[in-house]
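Participant: Take this structure first; my questions come after.
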Ligand SMILES: Cc1cc2nc3c(=O)[nH]c(=O)nc-3n(C[C@H](O)[C@H](O)[C@H](O)COP(=O)(O)O)c2cc1C
């Protein structure tokens, strides 16, 4: 089964990137993508995609990378999104990536390109506690996935990861990740 891992922090070599490598080493036929490290245009609600069956006008620009990542997602059987919390939500670049799922919003359910894709979600935050820490991110990701027809299966929320190497030094949390995935 092919698995795509989307590591969605703008920070290089941080906790999300470490988490992604950990999973790639544990899951056969898996690949990591970093959609938030590349140039992407934000949705401007121009309406171009309303009747274009998934085509965004920005995807016609050579330097825009969003479509390339979504196509990888559509072809996978399983996807794992990993993202940190920035002010109770996802980082702005990842939110911009999610907003671009609007290109497929108008399609009927049976035409959605990711209707066979199941997504697991791992969210990381620095705070040690907080009932609502992950709520905004979870809702946003769930509804962006609806737009492409993918299903959010399960999520793991990890508290207390702040410095870039906190996950690398925490074997208990690494085990939580591996137990969640396997
Ligand atoms: C701009 C910014 C906002 C943040 N906001 C929060 C927050 O609201 N709550 C929280 O627990 N951690 C917050 N953090 C901490 C990150 O979630 C934490 O450092 C995480 O481990 C980063 O993951 P990464 O190493 O994969 O980038 C914030 C970090 C940054 C840079």
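We did not get these values from a lab; they are worked out from the coordinates using the rules stated. Being a predicted model, the structure only gives us computed values, none of them experimental. Cβ coordinates were reconstructed from backbone atoms using ideal geometry, including for glycine residues, and neighbour counts include every protein chain displayed.
Participant: If I filter region 25-49 down to residues being away from the ligand (no atom under 15 Å from the Cβ), surrounded by fewer than 19 Cβ atoms within 10 Å (Cβ to Cβ) and under 20 Å from residue 78 (Cβ atoms), which single residue comes out as nearest to the chain's Cα centre (by Cα)?
Facilitator: 31
Participant: Let me ask another. Out of the residues in region 51-88 meeting the condition of being within 16 Å of the ligand (Cβ to nearest atom) and touching a residue at least 24 places away in the same chain (Cβ under 8 Å), tell me which one is nearest to the chain's Cα centre (by Cα).
Facilitator: By that ranking, first place goes to 81.
Participant: Tally up the residues in region 68-90 that are closer than 26 Å to residue 2 by Cβ and crowded, with 18+ Cβ neighbours inside 10 Å, please. Spell out how you get there, then give the answer.
Facilitator: Going residue by residue through region 68-90, those that are closer than 26 Å to residue 2 by Cβ are 68-84, 90.
Checking which are crowded, with 18+ Cβ neighbours inside 10 Å leaves us with 69-70, 73-74, 76, 78-84, 90.
Matching residues across region 68-90 total 13.
Participant: Another question about this same structure. Could you pull out the residue among 145, 121 that is in contact (Cβ under 8 Å) with a residue 12 or more places away in the chain, more than 16 Å from residue 88 (Cβ to Cβ) and not in a loop (DSSP other than H, G, I, E, B)? Show your work before the answer.
Facilitator: On the way: 121 fails: more than 16 Å from residue 88 (Cβ to Cβ).
Just one listed residue meets the conditions, 145.
Participant: Determine which member of the set 144, 126 is within 18 Å of residue 176 (Cβ to Cβ) and out of contact with any strand residue (DSSP E or B) (no Cβ under 6 Å at 6 or more places or on another chain).
Facilitator: On the way: 144 fails: within 18 Å of residue 176 (Cβ to Cβ).
Matching residue, one of 144, 126: 126.
Participant: Give me the residue from region 149-177 that is without any contact (Cβ under 8 Å) to a residue 40 or more places away in the chain and within 30 Å of residue 103 (Cβ to Cβ) and, out of that set, farthest from the ligand (Cβ to nearest atom).
Facilitator: Here the answer is 151.
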